[in-house]
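J.: Dropping a structure here in structure tokens format, bear with me for questions.
The values are calculated or read from the model by the stated rules, or taken from the named source; none is laboratory data. Because the structure is predicted, anything quoted here is derived from the model rather than measured. Cβ atoms come from the backbone with ideal geometry, glycine included; neighbour counts cover every protein chain shown. Areas reflect the complete protein model, heavy atoms only, side chains present, ligands, DNA and RNA absent. Shrake-Rupley method; radii C 1.70, N 1.55, O 1.52, S 1.80 Å.
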2 protein chains.
Amino acid sequence: MTMALSTAQRVAGVLRDRIEGGGLPPGTRLSEEALGRDLGVSRNTLREAFRLLIHESLVVHRLNRGVFVRVVDPADVTDIYRVRAALECAGVRAAAGAGRPLREAVTAAVEEAGRAAAGGDWQEVGSADLRFHRALAALSGSPRIDAAMDRLMAELRLAFHAMPSPRRFHEPFLARNRALAKLLADGEYARAESELTTYLDDALELILGALREREREGENA
Amino acid sequence: MTMALSTAQRVAGVLRDRIEGGGLPPGTRLSEEALGRDLGVSRNTLREAFRLLIHESLVVHRLNRGVFVRVVDPADVTDIYRVRAALECAGVRAAAGAGRPLREAVTAAVEEAGRAAAGGDWQEVGSADLRFHRALAALSGSPRIDAAMDRLMAELRLAFHAMPSPRRFHEPFLARNRALAKLLADGEYARAESELTTYLDDALELILGALREREREGENA
DNA sequence: GCTAAGATATTGTTCAACAATTCTCAATAG
DNA sequence: CTATTGAGAATTGTTGAACAATATCTTAGC
């Protein structure tokens, strides 16, 4: 029953891996001719693959100039956190009326992060953290908010590339995630919301600091 | 200085106008061959235009069946208003720290709606109303929120097609818009937010009622 | 009337050629 | 030396076609 993937989907997968693996750094132009020859597909098929990646915000398209690996600058990260604050706070406010499965997804993500941290898998801690915040926004019960969060998270993953140590970044937030989940479970929605707001501000500052750091290094190259 | 648009973008514009103008009612199938011949573009380019409209949620794509003009059902409208509540409330909360031009855009939209109502142009009242709410969300100062609101408004316009009398729908909200703008100008953010919440709930009910009405009529056809 | 098999029409995918645009870089003017 | 301009090269945009996969319609049989 497994549906075979189209050529374009396979090509998109290869490019996605290269981008997320660092083989294609942000800002790189993806030449249609060169890549098409490299991957053994026609330009048209390659462009179809590009469209999939554009939809994922992994690359951007500039008319008559081609596609480039997305560069997430500080203004983007700041904006992403602004939207996250709006959507996740909306989720927290809707927590009281949210169904059981939605609320359990929140605590489940916290527990998964804890297990991953105990095992030293900080990559997985990062994934669980994103799932936790996605679950917060999902408390609204809105498919459109879910989709928007997925797009924001994909963009954020690109910015995380700039973080030197996943552990240093994620570890402090483990306890705060747990605290947030507890406030929600106890029905302390107002306090949960204010804690979430400062939480997101703190995380934003950490990432902006790392981006500035990386930029300073880049100047000497 | 004029930036040239790609063929696909032009075609998407034509289709967008036809859809919003009612020439292509919700549910219509957009045949690749017929439309391509009609507009004088290749299937490949037409499909590219479709992708743009899919991204705007104006049409939907069903595998191996083609693209159809989006049918906005009650669940969609409910979800759209959920997201609107999240984004517009976020804007109201950010109003205190918003810049002068953003705050003035809010009052400007209210005044334009008033002038249009005085002139009896209820179509324009509707447009000004959408601008008003867009301006509320824009108080956050977030490009992504602005873009999200634009998409939501485009979807909503499809649903408005079901409203029999623009006047009956928009008139009651004129005074409420004015009241909301005043609360904001006076710094009464908490009250503005709670008024906005009930406002959106009321508007949602009106639209859902009209949709149910239209569906009942449709059964006898 | 209903079902099933085959015929037809439509969309999905890929390709190669041609058109339009941008980019490169040397020549030139200030 | 800097800025500009213009021809040529490189790259992307668009097209039409061919073939595959899927859906829809037609028809034969029960």
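J.: Filter segment A:117-133 for residues that are farther than 11 Å from A:N177 by Cβ and free of Cβ contacts under 8 Å to residues at least 24 places away in the same chain and give the result.
T.: If the condition is that a residue be farther than 11 Å from A:N177 by Cβ and free of Cβ contacts under 8 Å to residues at least 24 places away in the same chain, then A:A118, A:G119, A:G120, A:D121, A:E124, A:S127 are the ones that fit.
J.: Filter segment A:134-152 down to residues that are free of Cβ contacts under 8 Å to residues at least 40 places away in the same chain and within 13 Å of chain B (Cβ to nearest Cβ), then give me how many there are.
T.: Within segment A:134-152, residues that are free of Cβ contacts under 8 Å to residues at least 40 places away in the same chain and within 13 Å of chain B (Cβ to nearest Cβ) number 5.
J.: Out of the residues in segment A:50-70 meeting the condition of being assigned to a strand (DSSP E or B) and more than 10 Å from DNA strand D (Cβ to nearest atom), tell me which one is most open to solvent (accessible area, probe 1.4 Å).
T.: That would be A:V60.
J.: Do we have any residue at all in segment A:130-148 that's among the β-branched types (V, I, T), touching a Gly at 6+ places or on another chain (Cβ under 9 Å) and open to solvent by 30 Å² or more (accessible area, probe 1.4 Å)?
T.: No, every residue in segment A:130-148 fails to be among the β-branched types (V, I, T), touching a Gly at 6+ places or on another chain (Cβ under 9 Å) and open to solvent by 30 Å² or more (accessible area, probe 1.4 Å).
J.: Considering A:R43, A:R47, which residue is within 14 Å of chain B (Cβ to nearest Cβ), touching an Asp or Glu at 6+ places or on another chain (Cβ under 6 Å) and either more than 10 Å from DNA strand C (Cβ to nearest atom) or open to solvent by 30 Å² or more (accessible area, probe 1.4 Å) (or both)?
T.: On the way: A:R47 fails: touching an Asp or Glu at 6+ places or on another chain (Cβ under 6 Å).
Just a single option satisfies the conditions, and that option is A:R43.
J.: Which ones in segment A:156-177 are within 22 Å of B:P143 (Cβ to Cβ) and either of a type in the set (A, V, I, L, M) or surrounded by 21 or more Cβ atoms within 10 Å (Cβ to Cβ) (or both)?
T.: The answer is A:L156, A:L158, A:A159, A:A162.
J.: Name the residues in segment A:76-112 that are open to solvent by 40 Å² or more (accessible area, probe 1.4 Å) and more than 16 Å from the chain's Cα centre (by Cα), would you?
T.: Correct list: A:R93, A:A96, A:G97, A:R100, A:P101, A:L102, A:R103, A:E104, A:A105, A:T107, A:E111, A:E112.
J.: Anything in segment A:11-37 that is within 14 Å of DNA strand C (Cβ to nearest atom), of a type in the set (D, E, K, R) and touching a residue at least 24 places away in the same chain (Cβ under 8 Å)? List them, or say none.
T.: Those that are within 14 Å of DNA strand C (Cβ to nearest atom), of a type in the set (D, E, K, R) and touching a residue at least 24 places away in the same chain (Cβ under 8 Å): A:R29, A:E32.
Per-residue answers, yes or no, for (1) at pLDDT below 95; (2) in contact with a Gly (Cβ under 6 Å, 6 or more places away or on another chain); (3) part of a loop (DSSP other than H, G, I, E, B):
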| site | (1), (2), (3) |
| --- | --- |
| B:M1 | yes, no, yes |
| B:V14 | no, no, no |
| B:L46 | no, yes, no |
| B:V72 | yes, no, yes |
| B:R82 | no, no, no |
| B:C89 | no, no, no |
